[in-house]
Amino acid sequence: MAVFTRYAIDRRSLLAGLGIGGTMVAAPSVLRAQTREIVVGGAASHKPWVEAHVAPLFERKYNAKLTFEGTRSLVNLEKMQKNKDRPYLSVVQMDDPVMILAVKEQLLEPITAAKASNLAKLKPGTVHMDGQWANYLQPWQGIAYNTNVIKTPPASWAEAYDPKYKGRIIIPSLQNTEGLPNLFMASHLATGKPMAEATRDTESGFKKLISLKPNLLTVYNQMPQAFSLLEQGEAHMIVGALSSFALQRRLDGAPIGLAAPKEGIFPVPSGIAVVKGGPNQDLAFAYVNELLGAEVQAKIAPPTFALPTNVDVPPPPGMPTGVSVHTIDWAFVADNRNDWVKRWDREMSI
């Protein structure tokens, strides 16, 4: 993969390039006239709402240019690693598990309330590792179902285990970040432990998941194919479905509903962080502050089918209310996920 590094132009190089020597007194005014810029690395799927709702507000308010590079979290991490000595990204929007890797390599600049005052307005559990990153949105996971087949929304995660759904259930692979809640919820269903304890008892979770195998139509790595099977009626449920995908498909006319079962839902990690040593750090913290603020979150939560993290922003219409939202200990996940995936591949193959 080609990685492009943006180098700052010093005054001598600029003057030499213009062919006007070191005595040209107008050069400082040329530099002052240049618009400052930050480059934000995020998910490709975020580009439309960043450019529609965030960039115009930010550029107008701070007289700056915002460039959004839409790729994937791991690609952004690689850019930070390869450009560590001369970073060109100022901000990254990445999945929480990838944020942990960035923290371990000391690639992030902690966010404080002094530098981003809206940090103090966030819900509990949305600021991580002493401010290394924060969550600006919470897309959520529940149970997607085919409304032509299932007329009443699933009330419990346990319904997927009912024998009447033999060969009709789809779940995400544990290799996918969205596959983790099924493991944790399986432990909760098996033991009755509070979710905070159940997430640590993955042994019980695996044993419970094995009992789901007769009901599985498939285990997916690619989400669109799974939803195609659901829309066609081959599958009746996708257990652990993402609101950002399921509700968009419903809006597009697909026969899909998304249930928030009584045991609760899981937020999908949508993190934002400042790149250590990145250009124009004052603008970087300003951008983070805007995404953590009520004005921006009120604009971007509806089109992303997500829950806001700012306490002053109500959930958009159609979002679940009055249901438990179970946060995930991503540091614990990072320490154990490789072993879990190996066991998953060994025990959950169908």
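If a/c stays under 1.5 just call it rounded; otherwise compare a/b with b/c (prolate if a/b is bigger, oblate if not). Do that for the stretch 85-154, with a ≥ b ≥ c from the square roots of the Cα gyration tensor eigenvalues. Prolate shape, in that a/c is at least 1.5 and a/b is the bigger ratio. Local charge for residue 330 was computed over the other residues whose Cβ lies under 15 Å away, with Lys and Arg +1 and Asp and Glu -1, and equals -3. Of the solvent-accessible surface of the chain, computed with a 1.4 Å probe over protein heavy atoms with every protein chain present, carbon and sulfur atoms account for 52 percent. Measuring between alpha carbons in the structure, the pairs from 104/208; 82/342; 164/208; 79/299; 166/208 lying more than 22 angstrom apart are 104/208; 82/342; 79/299.
Across the chain, C-alpha contacts under 8 Å between residues 6 or more apart give a mean separation that, scaled by the residue count, equals a relative contact order of 24 percent.
Its DSSP H runs of at least 4 residues, each contributing -39,500 (n - 2.57), put the calculated 222 nm mean residue ellipticity of the chain at -10500 deg cm²/dmol, to the nearest 500. Using the Cβ-Cβ distance between residue 114 and residue 57 with R0 = 22 Å, the FRET efficiency computed as 1/(1 + (r/R0)^6) comes to roughly 0.45. Given q = 0.07, 0.09 Å⁻¹, what are the Debye log10 I(q)/I(0) values for the chain, with equal point scatterers placed on the Cα positions and solvent ignored? Relative scattering, expressed as log10 I(q)/I(0), comes to -0.34, -0.54. Once you compute Rg and the Kirkwood Rh from C-alpha atoms, what is the Rg to Rh ratio for the stretch 256-346? Rg/Rh for the stretch 256-346 comes to 1.06.
Positive contributions from Lys and Arg (+1) and negative ones from Asp and Glu (-1), summed over other residues with Cβ under 11 Å from the Cβ of residue 147, come out at +1. Over the stretch 21-151, Cα pairs under 8 Å with separation of 6+ residues give a relative contact order of 21 percent.
Calculated from the alpha-carbon coordinates, the stretch 188-332 shows an Rg and a Dmax of 18.4, 55 Å respectively.
At 1.4 Å probe radius, can you tell me the per residue accessible area of the chain in Å²?
Averaged over the residues of the chain, the accessible area is 46 Å².
The values are calculated or read from the model by the stated rules, or taken from the named source; none is laboratory data. Everything numeric here is computed off the predicted structure, so don't read it as measured data. Note that each Cβ is placed from the backbone with ideal geometry, even for glycine, and that neighbours are counted across all protein chains shown. Just the protein is used for accessible areas: all its heavy atoms, side chains included, with ligands, DNA and RNA removed. Shrake-Rupley method; radii C 1.70, N 1.55, O 1.52, S 1.80 Å.
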